[in-house]
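Pasting a structure below so you can have a look.
No lab work stands behind these numbers, since they all come straight from the coordinates. Just so it is clear, the model here is predicted, and its values are computed rather than measured. Note that we place each Cβ from the backbone using ideal geometry, even for glycine, and neighbour counts take in every protein chain shown.
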Amino acid sequence: MAAIAAYIGAMDLHSAWQHFAAVIGGLPHSGLLLATLAAMALGLAGSVAVRPVPAVGRLMRSVSTVALAGILILVVLQLSRFDPSLDMAIPELGMPRQQVEGGETRIPLAPDGHYWVRARIDGAPAAFMIDTGASITTVNTDTAAAARLEPRRGGIPVIMQTANGATAAEIATVGSLRFGNVDARGLDVAIAPNLGPTNVIGMNLLSRLASWRVEHGVMILKPDAAGKAPDDKGD
């Protein structure tokens, strides 16, 4: 039992280290994280300077507090885009309205036990697996390059667990993701460098449908005609 507990502890430590390494690796690509570190450093410097130079120290701490408050607001705005009930559209910050329109689309179960679609992401063809266990739609780096997706400036890196371990994925916004009779516009997607050849359609798209369900091995997707997402999200 002690050996098993030690093994589990080692596995947890390894997982935690992978997540920590992914966060550190994502720092150079995240303006918000770098700005947060800079604001915190300014606040610490202000605390040190407040005794010898009170006015300067207080000013530095005030600037740090305002900067951190602004960063927190941006973080909340970006995280809210993963939840249709909280989604806010701010085109000026590269966050347009996310909407899914079109008509009913039926997807048969593939022999491998997954639901696959042939899609076009900003005009580039790509295969996607529909995964109801995935929070966010995710593309690999090759698909992102073919679709000319650019990570959002100042975006928050999302730590994702892939087959190759934890990785920091950058967020981008697609103009159009089309498959069958479905057209998702302004959708946020994660660009995962260690995802492999697979692209995944996740719940941030499915939850914006009028409804979705599975009947006799066929997944049935029904977008709302006006691109709105009613309360009925699926069966």
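Tally Lys/Arg at +1 and Asp/Glu at -1 over every other residue whose Cβ is under 14 Å from the Cβ of ASN199; what's the total?
Numbers: positive: ARG118, ARG120, ARG178; negative: ASP122, ASP131, ASP142.
Taking every other residue near ASN199 into account, the sum is 0.
Tell me, what is the percent relative contact order of the stretch 97-222, built from C-alpha pairs under 8 Å that lie six or more residues apart? Before the final figure, lay out each step's value.
On the way: 297 pairs, mean separation 46.4, N = 126.
The value is 37 percent.
Which ³J(HN,Hα) values, rounded to whole Hz and listed in residue order, are derived for the stretch 51-64 from phi using the Karplus coefficients 6.51, -1.76 and 1.60 in 6.51 cos²θ - 1.76 cosθ + 1.60 with θ = phi - 60°, glycine and proline given as x?
Each residue's phi maps through the Karplus curve to give 6, x, 9, x, 5, 5, x, 5, 5, 4, 5, 5, 4, 4 Hz.
Right, another one. I need the per residue convex hull volume for the stretch 97-222, using only the alpha carbons, in cubic angstrom as a whole number.
Numbers: hull volume 12.4 nm³, N = 126.
Once divided by residue count, the hull of the stretch 97-222 is 98 Å³.
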